[in-house]
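Novice: I have a structure here, written as structure tokens, and I will follow up with some questions on it.
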Amino acid sequence: MTNQGDIDTGSVQPVTIPRPEHAISRASISPGALKVLYRLKDAGFHSYLVGGGVRDLLLGREPKDFDVGTDATPDEIKGLFRSCRLIGRRFRLAHVRYGHEVIEVATFRACLDSAADDDDAVRAHSEDGRILRDNVYGSLEDDVWRRDFTVNALYYDIRDFSVIDYVGGLEDLKAGTLRLIGDPEQRYREDPVRMLRAVRFAAKLGFRIHAHSEAAIYELGHLLRDIPPARLFEEILKLFLGGCAVATFELLRHYNLFQYLFAMTEEALGWEEQGFPITFVLRALENTDQRLAEGKPVTPAFLFAALLWEPMRLRARELHDQGATPLEASQLAGNQVTAEQVQVSSLPKRFSLPMREIWNLQVRFERRRGKAPYRLLEHPRFRAAYDFLLLRTETGEQTAELAEWWTEFQTLNAEQRDKLVAPAATKKRRRRPRRRKPANQVDG
Ligand code: ATP
Ligand code: MG
């Protein structure tokens, strides 16, 4: 059943917009994408630019990457390009590489409803309607309906440079509307990640999610629990490292989706009334957006360190109250929070290790006597940890004095540093009784 206002996936005549009537010029398409389009065409296949590339060019924005749709099969694509890799289990896609550029080339696929037969060998659903495999090849007319939003289903034809629209995508683009193709509930059930994509595009493009596409999100967020952690991790990076992290975060919370990505953080945000944990996350995300706008590098390690800081801090405080030293508490809380998070979204070790170093270094900033500050300054994660300290200071969690001390310490020469740093405490410290290492140390 389709709701009024949704797009019907029946037989539809497309609208074709000839070259003079739209703004996409070949000059704004990347050289690699153009080569792929032409090589396919010259080999006798249909080839179209589709997806975000067409959408963004029509909006006058610079596309992040280019996607190509074709009737050539993955093996035929592979035969045409030397630098081609076939990827994907659910969808077999071709990645064609030109220098740093990777063009994603996808064979047209038929969507579920329009495919004539229901061959389990090529397509499979989970009990709740999620697509597990679908590799039924089809024509452009078939391919349109399996795309997510109308504005993502516009095709740029390399033969005559026209834009083809089956789903009213151009109108939605003009109106700033994100509208799922087909019945929203069914489309989210097929692939719950579409809810995250809705939020991501709404934030990035400043679009409104159409009322019907929106209503289902409030009901179906829990389906995100079934998404494999590795896919959620990739999606989290797109959500928060796409340059619009603040708007994305606010929309994710608005649609009650944030809890399915960062349950511990959501809970911690709920606990604290005075507002600074949420301020901290917001400041960190603002900072991320700003760095990206300035062309500075951002790392998932810092992002996750910030997003998981509040639950990590609360847990460390608990452990400290139970008798752990600050560093032990930080290390153990870091292990626990990481272990819990990777159940939901994976976090590769190359990010989780530096994330925990950033956390542990927060404790070491407190040690300002003797050799400790010199050693800390040499630490490979010093810079990231110092930036993190500044964020904590800005949001009032840490005293300004500590951050100022470290800011000054970095700028001084060796002699001045020696004056600033107090000698190590001479008083012989009483050894604390050795405690057993907690048994549940885990690694992410
Ligand atoms: P961007 O690359 O700017 O993030 P995009 O729209 O190009 O946005 P991609 O993930 O590159 O997004 O996907 C390319 C196209 O493939 C989309 O525009 C859409 O048509 C289709 N697509 C991608 N993911 C899905 C999905 N989960 N369900 C349906 N269609 C999808
Ligand atoms: Mg894309």
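The values are calculated or read from the model by the stated rules, or taken from the named source; none is laboratory data. From a predicted model like this one, the values you see are computed outputs, not experimental measurements. Note that each Cβ is placed from the backbone with ideal geometry, even for glycine, and that neighbours are counted across all protein chains shown.
Here's the yes/no breakdown for (1) outside any loop (DSSP other than H, G, I, E, B); (2) of a type in the set (Lys, Arg); (3) more than 30 Å from Glu234 (Cα to Cα):
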| site | (1), (2), (3) |
| --- | --- |
| Glu340 | yes, no, no |
| Arg350 | yes, yes, no |
| Met355 | yes, no, no |
| Ile358 | yes, no, no |
| Leu376 | yes, no, yes |
| Tyr386 | yes, no, no |
| Leu389 | yes, no, no |
| Ala403 | yes, no, yes |
| Gln416 | yes, no, yes |
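Novice: Next question. Is there any pair with a first residue in segment 50-67 that is farther than 16 Å from Val105 by Cβ and a second that is near ligand 1 (Cβ under 9 Å from one of its atoms) and not in a helix (DSSP H, G or I) whose Cβ atoms are under 6 Å apart and which are 6 or more apart or on different chains, and what are they?
Specialist: If the second residue must be near ligand 1 (Cβ under 9 Å from one of its atoms) and not in a helix (DSSP H, G or I), the pairs left are Asp56/Pro63.
Novice: Filter segment 69-90 down to the residues that are over 20 Å from the mean Cα position of the chain (by Cα) and within 10 Å of ligand 1 (Cβ to nearest atom) and list them by number.
Specialist: Gly69
Novice: Scan segment 184-212 and report the pairs whose first residue is over 26 Å from Phe91 (Cα atoms) and whose second residue is surrounded by fewer than 22 Cβ atoms within 10 Å (Cβ to Cβ) and acidic (Asp, Glu), with Cβ atoms within less than 7 Å and a gap of 6+ or a chain change.
Specialist: His212/Asp6
Novice: Taking Glu234 and the conditions (1) within 12 Å of ligand 1 (Cβ to nearest atom); (2) surrounded by 20 or more Cβ atoms within 10 Å (Cβ to Cβ); (3) under 24 Å from Leu347 (Cα atoms), which numbered condition does it fall short on, given that it satisfies the others?
Specialist: Single failed check for Glu234: (2).
Novice: Can you tell me which residue within segment 31-68, out of those that are of a type in the set (Ser, Thr, Tyr) and closer than 20 Å to Asp142 by Cβ, is farthest from ligand 1 (Cβ to nearest atom)?
Specialist: Step by step, filter segment 31-68, then rank; the result is Ser47.
Novice: Quick one: which strands (runs of 3 or more DSSP E) lie wholly within segment 87-201 and hold at least 1 residues that are aliphatic (A, V, I, L, M), at pLDDT 85 or above and out of contact with any Pro (no Cβ under 6 Å at 6 or more places or on another chain)?
Specialist: Once the strands (runs of 3 or more DSSP E) in segment 87-201 are filtered for at least 1 residues that are aliphatic (A, V, I, L, M), at pLDDT 85 or above and out of contact with any Pro (no Cβ under 6 Å at 6 or more places or on another chain), what remains is 93-98, 101-107, 154-157, 163-165.
Novice: Tally up the residues in segment 61-87 that are within 16 Å of ligand 2 (Cβ to nearest atom) and touching a helix residue (DSSP H, G or I) at 6+ places or on another chain (Cβ under 9 Å), please.
Specialist: Going through segment 61-87 one residue at a time, the tally reaches 10.
Table: residues versus (1) more than 14 Å from Trp309 (Cα to Cα); (2) modelled with pLDDT of 90 or more; (3) not assigned by TED's automatic domain parsing to the domain that holds Glu328.
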position	(1), (2), (3)
Pro348	yes, yes, no
Trp359	no, yes, no
Val363	no, yes, no
Glu366	yes, yes, no
Arg369	yes, no, no
Pro380	yes, yes, no
Leu391	no, yes, no
Thr407	yes, yes, no
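Novice: Taking the conditions exactly as written (of a type in the set (Ser, Thr, Tyr) and under 22 Å from Ala384 (Cβ atoms)), does Thr279 satisfy them or not?
Specialist: yes
Novice: Moving to a separate point now. From the set of residues in segment 23-73 that are among the hydrophobic types (A, V, I, L, M, F, W, C) and part of a loop (DSSP other than H, G, I, E, B), which is surrounded by the most Cβ atoms within 10 Å (Cβ to Cβ)?
Specialist: The qualifying residue surrounded by the most Cβ atoms within 10 Å (Cβ to Cβ) is Phe66.
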